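These notes are about the structure you will find just below.
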Amino acid sequence: MKVMVVGGGGREHAIIKKLKESKKITELFALPGNGGIARDAKCVNIGAKDIPGIVNFAKENQIDFAVVAPD
């Protein structure tokens, strides 16, 4: 399963750490992520407020599940 997490703060980092434990997840992306998150997920330079960019990324990469964490 391909999963993307939208955001780049500590909350998103914690979510990614936990998601990384799942054997069902084959690819894990962070949009935009940060340097710490880059150790656990592939960071993609798309801002958390760039809705069209996020949607296009999800479609192009056949994302199965998204976690949108920013308030």
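Within region 3-14, track down each residue that is open to solvent by 50 Å² or more (accessible area, probe 1.4 Å) and either basic (Lys, Arg) or under 19 Å from residue 45 (Cβ atoms) (or both).
Answer for region 3-14, where residues must be open to solvent by 50 Å² or more (accessible area, probe 1.4 Å) and either basic (Lys, Arg) or under 19 Å from residue 45 (Cβ atoms) (or both): just 11.
I'm trying to understand the selection: among the residues of region 16-41, which are closer than 23 Å to residue 52 by Cβ, at pLDDT 95 or above, out of contact with any Phe, Trp or Tyr (no Cβ under 7 Å at 6 or more places or on another chain) and buried (at least 16 other Cβ atoms within 10 Å of the Cβ)?
28, 29, 30, 32, 37
State whether the residues of region 56-65 include one that is of a type in the set (Gly, Ala, Ser), open to solvent by 30 Å² or more (accessible area, probe 1.4 Å) and free of Cβ contacts under 8 Å to residues at least 60 places away in the same chain.
No: region 56-65 contains no residue that is of a type in the set (Gly, Ala, Ser), open to solvent by 30 Å² or more (accessible area, probe 1.4 Å) and free of Cβ contacts under 8 Å to residues at least 60 places away in the same chain.
Scan region 31-51 for residues that are within 12 Å of the chain's Cα centre (by Cα) and basic (Lys, Arg) and jot them down.
42
Somewhere in region 17-30, is a residue under 11 Å from the mean Cα position of the chain (by Cα) and β-branched (Val, Ile, Thr)?
No, the conditions are met nowhere in region 17-30.
The values are calculated or read from the model by the stated rules, or taken from the named source; none is laboratory data. This structure is a prediction, so every number in the text was calculated from the model and none was measured. Glycine gets a Cβ as well: all are built from the backbone with ideal geometry, and neighbour counts include every protein chain shown. What goes into the accessible areas is simple: the full protein's heavy atoms, side chains included, and nothing from ligands, DNA or RNA. Shrake-Rupley method; radii C 1.70, N 1.55, O 1.52, S 1.80 Å.
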